[in-house]
1. Please identify which residues in region 55-93 have an amide N closer than 13 Å to a label point set 7 Å out from the Cα of H168, following the Cα→Cβ vector.
2. Using the basic label-point model (7 angstrom from Cα toward the beta carbon), what is the T292 to E553 distance in nanometres?
3. Please give the Cα centre distance for region 613-679 versus region 680-709, rounded to the nearest Å.
4. Please give the length that would be gained between T90 and T216 if that part of the chain were fully extended, namely 0.36 nm times their separation in residues minus their C-alpha to C-alpha distance (nm, one decimal).
5. Contour minus end-to-end for S361 and I609, with contour as 0.36 nm per residue of separation and end-to-end as the Cα-Cα distance?
6. With r defined as the distance between the Cβ atoms of K331 and E684 and R0 fixed at 51 Å, what FRET efficiency is calculated, to the nearest 0.05?
7. How would region 602-727 be classified by its alpha-carbon gyration tensor: rounded, prolate or oblate, with rounded meaning a/c under 1.5 and the a/b versus b/c comparison settling the rest?
8. Using +1 on the beta carbon of Lys and Arg, -1 on that of Asp and Glu, and nothing else charged, what's the dipole of region 264-416 about the Cα centre, debye to 20?
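Read-outs throughout are calculated quantities, based only on the coordinates presented, and are distinct from any laboratory measurement. The shown structure was predicted, so the numbers you read here are calculated from the model rather than taken from an experiment. Please note: Cβ atoms are built from the backbone with ideal geometry, for glycine as well, and neighbour counts cover all protein chains shown.
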Amino acid sequence: MLHNRFSSSEIKAASQDWTTQNTPMKKYTADINSIFGELTYSLEVMEEKLPKNVFKSLLATIDRGEPLDPTVADAVALGMKEWAIEHGATHYTHWFQPLTGTTAEKHDSFITPNKGGGAMAKFSGKELIQGEPDASSFPSGGLRATFEARGYTAWDPTSPAFIVKNHHGATLCIPTAFASWTGEALDHKTPLLRSIEALNSSSLEALELFGIEDATKVFSTVGTEQEYFLVDEEYFYRRPDLIATGRTLFGTQPPRGQEMDDHYFGSIPERILAYMADVEYQMYRQGIPVQTRHNEVAPGQYEFAPLFEHANIACDHQQMIMQTMKNTARKYGLVCLLHEKPFAGINGSGKHNNWSMATDSGINLLEPGDTPHSNKLFLFFCTAVIKAVHENQDLLRVACASAGNDHRLGANEAPPAIMSIFLGDQLEDVYNQLEKGTASKSKKSGLLGLGSQVLPPLPRHSGDRNRTSPFAFTGNKFEFRAVGSDQTVSFTNVVLNTIAAQAIKELTADLRAALKKAKTFDKALETVLSNAIKAHKSILFGGDGYSDDWTKEAAKRGLLNLRTSPDAFAEFKAKKNLDLFKSHKVFNRREVIARQEIMFEQYSQTLTIEADCMANMARKHIMPNAVSYMKELVNTVVAAQATGIHASGIAETAETLNELITTFKTELDTLADAKNNIPDGDIEKQAMYIRDEVVPAMHKLRITGDLIEKLVPKNLWDLPSYEEMLFIK
Ligand code: ADP
Ligand code: MG
């Protein structure tokens, strides 16, 4: 198949001499039980390594969030160091999530000089608990003036330390929070931990009203689904756009061949499977429960999905997964693209954030269950989520906003930029009954009594699925599907936890008030839920989220439609949001403003880099390629005429090409002008200008560039094509 379509030299380049022989593949089929978590400093290892009293004290911090006893730190550090050295670690690092969206690490050796002039491995409690990386090179949104450039990292004992192995040895990674010297968060973990705490305290109050006493902690659970592309390294290196921006800025789409339809169900090619097995092997060793792997819709697109975990750990793991996916690809002559839209016209990549709330006593608060009692609990928490989403559409939109994700949202492959909730038939029906309220119930002689006979036992998994909804109830959790593949889900979950915490708090207050008036608990709850669903039902939508009708209908319902990322960022510091974050101690005002500044900055930076890269490619590749062909055509016409051949077809082609080149040149100048005229100063205005002037100019230039590519023969085109990048595996 491939042989018909590509020259033999291309195939050789792509396959990179990769064969199934001589790969360490066999090694990766190890028994999961024996390797799972072997590179994490887990509770079991700690129990074994640490003195009993130290372990107990640490457990109090991990389990109950009690402040860390400082005297414990030295003992923990000693145990951790011994364990790490046993696994070949020579260095340790405070591993953190700065606001760049990736992870950062600064490695320090365990080595310390001893008195005799030699060296020994040392690692103390102080070094475990606190680090002091130079904060000045991380984005802070003005939180950290350069004169006070210090920031510090603080050990998060609730996320296990782990070892990363590479060719040069091994490093002990200690998950940490990163804050400015004044205590303001400079990372994604700090607010995440704060938001989990907010959810915890709101939910515990609610649970008390429900008479549930055995739960001492409530936290959110998160399971992500990560889509990605793999392209051959050879092609990657020959595409300046992929190198600089992670996406193709030019490129005509391949003819829609059979491969397109085959891919989703297709078997996974050998080289890809070997890559996946390698990633999984590393993930298992680090205690990351990767569960699913499969081909995705687009050619060259795949997915990894780990099992859900405590939100804090899941978010750390999500960062580790992305890093491992990128690193491992290189071993196989591949490059892993996490960009939301690497290829125009081809399905982009998203990240589903499956989210629920659970108690330490083992209740999933979004599990419909089949007993009336747990239905009541479920309906209360589910209603809180509906209320939270309806009241905070803007924040959810911010949580999935980025320059990259703007290519997806609302583009018929991902949910629209309008937030809505899909509940499924069963739940919709339950809420319809609830909404009708008390009157009808008395008529039906108590049949509608909430949480009793009427409510049908809800099935574990609602049968129907709606792929077009940004926020769908899927059996026992909500699935937020609008997140971009390259985004950190930490921020996503900060938003989810905080808005849920607030809604639960308000519903709890309503319930408390209703209990004073109502005769029974059920009656009071019914009133509260019925009122809530009346107020928030406009966020519920079970139809086709991709359709134009929905956009109109949503506008009628008064739902927000923040089309682009800058529109969303602008809402972040609205008074409602400042108050919300402040009251739950998740962000103070300065932290919100700083984050908003970074969002605008990153958006503008991403797009200016893309614009520059595009202009460069236009000048250094597309234009010269086009000119070479032009020369060939014109020379041929002249030579033909000299021999008396009337080469009208060639002359016409030359004319078409000439017109395209002229248009292309004009559009290139327009782009350069637009870029040169980005206003100084206000970052919000800059972002809006870039969106309105630079992005459309890029769009136009691309269309013409792609028409030129269609015309110019392969041997004169020096950029790898979509066909090559997408179909050679
Ligand atoms: P899809 O049908 O959307 O592809 P998958 O079955 O692939 O769904 O993924 C479901 C995801 O939801 C997995 O990551 C899974 O761990 C996660 N999940 C399941 N239960 C929960 C829960 N209670 N809380 C959070 N995530 C959950
Ligand atoms: Mg999903």
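1. 90-92
2. The two pseudo-label positions are separated by 2.6 nm.
3. 22 Å
4. 41.4 nm
5. Additional length available on full extension: 84.3 nm.
6. E between K331 and E684, to the nearest 0.05, is 0.75.
7. Judged from the Cα gyration tensor, region 602-727 comes out prolate (a/c at least 1.5, a/b above b/c).
8. 360 debye
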